[in-house]
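Read the structure below first, then the notes.
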């Protein structure tokens, strides 16, 4: 049924048309959608609600053995020394340090320097 419908309007809390829903559902109200069913000639108003909240730890972006490229300027001697101590190798062609992710995992300042593909 829903796969045949087209969602045309998506409203977030505070937009026109959401005031009563926000009063009714409070902080658990996320959005309202209007879905149109051409076969039956009807419009459906759906509401997305938060029904549960649990702690969640996101998965790591890289596997420990995966080689990542880390950016460190020539003038950042302390960072370069930490990378060397972690077993990083300098790639002169790309001007980045190559190191297995597992060697720098948990070191936020080094993880933030990973060159994204």
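For the reader, a short list of remarks on this structure follows.
The rows are residues; the columns are (1) within 30 Å of residue 21 (Cβ to Cβ); (2) in the same structural domain as residue 13 (by TED's automatic domain parsing); (3) free of Cβ contacts under 8 Å to residues at least 12 places away in the same chain.
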| position | (1), (2), (3) |
| --- | --- |
| 33 | yes, yes, no |
| 42 | yes, yes, yes |
| 71 | no, no, no |
| 77 | no, no, yes |
| 85 | no, no, yes |
| 88 | no, no, no |
| 98 | no, no, no |
| 102 | no, no, no |
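- Inside the stretch 70-106, residues that are part of a strand (DSSP E or B) and at pLDDT below 95 make up a count of 0.
- Entry remark, the stretch 28-61: residues being surrounded by 10 or more Cβ atoms within 10 Å (Cβ to Cβ) and either over 30 Å from residue 108 (Cα atoms) or at pLDDT 95 or above (or both) number 20 in total.
- When 64, 109 are screened for being in contact (Cβ under 8 Å) with a residue 24 or more places away in the chain, surrounded by fewer than 15 Cβ atoms within 10 Å (Cβ to Cβ) and not in a loop (DSSP other than H, G, I, E, B), only 109 passes.
The values are calculated or read from the model by the stated rules, or taken from the named source; none is laboratory data. Keep in mind it's a predicted model, so treat the numbers as computed, not measured. We place every Cβ from the backbone using ideal geometry, glycine too, and count neighbours over all the protein chains shown.
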